[in-house]
1. Which one is surrounded by the most Cβ atoms within 10 Å (Cβ to Cβ) among residues in the stretch 7-27 that are in contact with a strand residue (DSSP E or B) (Cβ under 8 Å, 6 or more places away or on another chain) and of a type in the set (Asp, Glu)?
2. Could you tell me which residue of the stretch 28-50 is surrounded by the fewest Cβ atoms within 10 Å (Cβ to Cβ), considering only residues that are farther than 15 Å from Met95 by Cβ and touching a strand residue (DSSP E or B) at 6+ places or on another chain (Cβ under 6 Å)?
3. How many residues are among the aliphatic types (A, V, I, L, M) and under 10 Å from Gly43 (Cα atoms) if we restrict to the stretch 75-99?
4. Just a yes or no: is a residue in the stretch 12-19 among the basic types (Lys, Arg) and at pLDDT 90 or above?
5. Step by step: first the residues of the stretch 76-94, then only those that are touching a residue at least 24 places away in the same chain (Cβ under 8 Å), touching a helix residue (DSSP H, G or I) at 6+ places or on another chain (Cβ under 9 Å) and assigned to a loop (DSSP other than H, G, I, E, B), then the one that is surrounded by the most Cβ atoms within 10 Å (Cβ to Cβ). Which residue is that?
6. If you take the residues in the stretch 51-75 that are in a helix (DSSP H, G or I) and among the hydroxyl-bearing types (Ser, Thr, Tyr), which one is surrounded by the most Cβ atoms within 10 Å (Cβ to Cβ)?
7. Condition first: at pLDDT below 90 and among the aliphatic types (A, V, I, L, M). Now tell me which residues in the stretch 94-106 satisfy that.
8. Quick check on Phe91: is it in contact with a His (Cβ under 6 Å, 6 or more places away or on another chain) and at pLDDT 90 or above?
Amino acid sequence: MKEKKILELFTGCKEIIQCHFDQYPIEKYYVSYNLFTELVPYGSLGELIRKGGALSENTVRIYTHILLKGLYCIHEKGMIHYNLRPDNIFFVSNMKESCKVSSKDC
């Protein structure tokens, strides 16, 4: 669907959550749509801020660098992210350098 086509634009951009595949399971009376993306088990930046409060300047610097690289990739494809906020930035591991932008709002 439309969302998968958008996600495919960002294949290989390591600062954006990747799409693995989609499927259309057919049930008895309806067809649903499932989109399988990269696992983000460590929550969002919004959750981190709500739990832990302020971030150190160095941590903010690291996250900002990664996010700007992700936004560059989005803009390079002629798209914009219209809902960039801490709840749309996710962590794929427990390392600081693991944050990624969700591209569902492009």
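The values are calculated or read from the model by the stated rules, or taken from the named source; none is laboratory data. Everything numeric here is computed off the predicted structure, so don't read it as measured data. FYI the Cβ positions are ideal-geometry reconstructions off the backbone, even for glycines, and counts take in every protein chain you see.
1. Out of the qualifying residues, it is Glu15.
2. Looking at residues that are farther than 15 Å from Met95 by Cβ and touching a strand residue (DSSP E or B) at 6+ places or on another chain (Cβ under 6 Å), I get Asn34.
3. Residues in the stretch 75-99 being among the aliphatic types (A, V, I, L, M) and under 10 Å from Gly43 (Cα atoms): 2 in total.
4. Yes, the stretch 12-19 contains at least one residue that is among the basic types (Lys, Arg) and at pLDDT 90 or above.
5. His81
6. The qualifying residue surrounded by the most Cβ atoms within 10 Å (Cβ to Cβ) is Tyr63.
7. Met95
8. So Phe91 fails the test.
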